1. Please determine whether any residue of the range 157-166 is surrounded by 14 or more Cβ atoms within 10 Å (Cβ to Cβ), within 29 Å of K56 (Cβ to Cβ) and either over 17 Å from the mean Cα position of the chain (by Cα) or not aliphatic (A, V, I, L, M) (or both).
2. Inside the range 96-118, can you point out the residues that are of a type in the set (G, A, S) and in contact (Cβ under 8 Å) with a residue 60 or more places away in the chain?
3. For the list (1) at pLDDT below 90; (2) under 24 Å from G169 (Cα atoms), I need the number of the one condition that L198 fails.
4. Give just the number: which of (1) crowded, with 16+ Cβ neighbours inside 10 Å; (2) farther than 25 Å from K62 by Cα does A259 not satisfy?
5. Report, by residue number, each residue of the range 227-252 that is among the acidic types (D, E) and either buried (at least 20 other Cβ atoms within 10 Å of the Cβ) or part of a loop (DSSP other than H, G, I, E, B) (or both).
6. Among residues belonging to the range 27-55 that are touching a residue at least 24 places away in the same chain (Cβ under 8 Å) and among the acidic types (D, E), point out the one that is surrounded by the fewest Cβ atoms within 10 Å (Cβ to Cβ).
7. Tell me, yes or no, whether the range 67-77 has at least one residue that is in the same structural domain as L113 (by TED's automatic domain parsing), crowded, with 17+ Cβ neighbours inside 10 Å, within 16 Å of the chain's Cα centre (by Cα) and under 22 Å from Q225 (Cβ atoms).
8. Given the residues L198, L194, which is the only one that is buried (at least 17 other Cβ atoms within 10 Å of the Cβ) and not in a loop (DSSP other than H, G, I, E, B)?
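The values are calculated or read from the model by the stated rules, or taken from the named source; none is laboratory data. Only a predicted model underlies this, so the values are computations on that prediction, with no experimental measurement involved. Here the Cβ is made from the backbone with ideal geometry for all residues, glycine too, and neighbour counts use every protein chain on show.
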Amino acid sequence: MNREILDINDCTILLEEASTDKTLVDSCFFDEPVIAIAFYGSGDVGLTVKYNEKTKTFHHTKGMVLSFYADNKVEFQHHVSELKPLQCLVVATTLKSLDKLPNGEGQFLEQFLSQLVHPKDNYVEGPVFNMTPEMFLLVEQFFSNTYDGGIKMMFYKSHMTALLAHYFGQLANQQTIKTDTAQLEKINLAQDILLSDLENPPSLTELAQRIGTNTNKLKKEFKAQFGVPVFKYLQNERLKKAYNLIKNEQKSIQEAAWAVGYDSLGSFSNAFEKKFGYRPSQV
């Protein structure tokens, strides 16, 4: 288990990573009541929340954003296994610090998450949805940065502000959208299916059939959760994987393009430049 805690502008950032070749349960509590937003990255760990003899379980957390109020009586359990590693970023603050937050976060918390600012139980849950590609990329950068000292803190401050801006922006766009847990599970499954075979993804009709819904509902709910249509999301994930293959695994541009399903090197290079602002040869 790797755990890093940083205090930034009356907020606390908690970065947690864990992987194992066997099943383990990691439990944690907060020392004092907090309002927090948890962003789950590339792992897909199970999560159980326990309080007042109540239990809430999340089976698919990859890409999930969970907002909540919790006091020191709430237990959070991460169920880590070989196929479900943990990668979680938590941004937390206390009720007494809301007015001190420097970028208006307290105002947005009151506006969009008033049930957390005025809790009526030991644990109060806010909206649960999936990150947009922009949010997912920011979370990945928290875990992959290699800076030290003051530069590292500058990096974290800027990325925390950007991540919260995207988060509140998503809440503003979704004020009228209510996604139940069963539907969220289906959208998570659709995401898993796409990510499991970037080279040969199913058609929209096949994908809808595999998760037990119709294409119109799939398109609507998927865009509501991720902020982009299904195949725009797929393209973003393909290009992110290609970037990693070129930069970190020393693959050639042709090898990276083939690995993510592009037959045309020209089409791949054009799409890559449109997303990242530079050609793959410049990575």
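1. Among the residues of the range 157-166, at least one is surrounded by 14 or more Cβ atoms within 10 Å (Cβ to Cβ), within 29 Å of K56 (Cβ to Cβ) and either over 17 Å from the mean Cα position of the chain (by Cα) or not aliphatic (A, V, I, L, M) (or both), which makes the answer yes.
2. Just the residues of the range 96-118 that are of a type in the set (G, A, S), to begin with: 97, 104, 106, 114.
Within the range 96-118, S97 is the sole residue that qualifies.
3. The single condition L198 does not satisfy is (2).
4. Among (1) crowded, with 16+ Cβ neighbours inside 10 Å; (2) farther than 25 Å from K62 by Cα, A259 violates only (2).
5. Of all residues in the range 227-252, those among the acidic types (D, E) come to 237, 249.
Across the range 227-252, the qualifying residue is only E249.
6. Ranking the candidates gives D31 first.
7. yes
8. Details: L198 fails: not in a loop (DSSP other than H, G, I, E, B).
Answer to the selection: L194.
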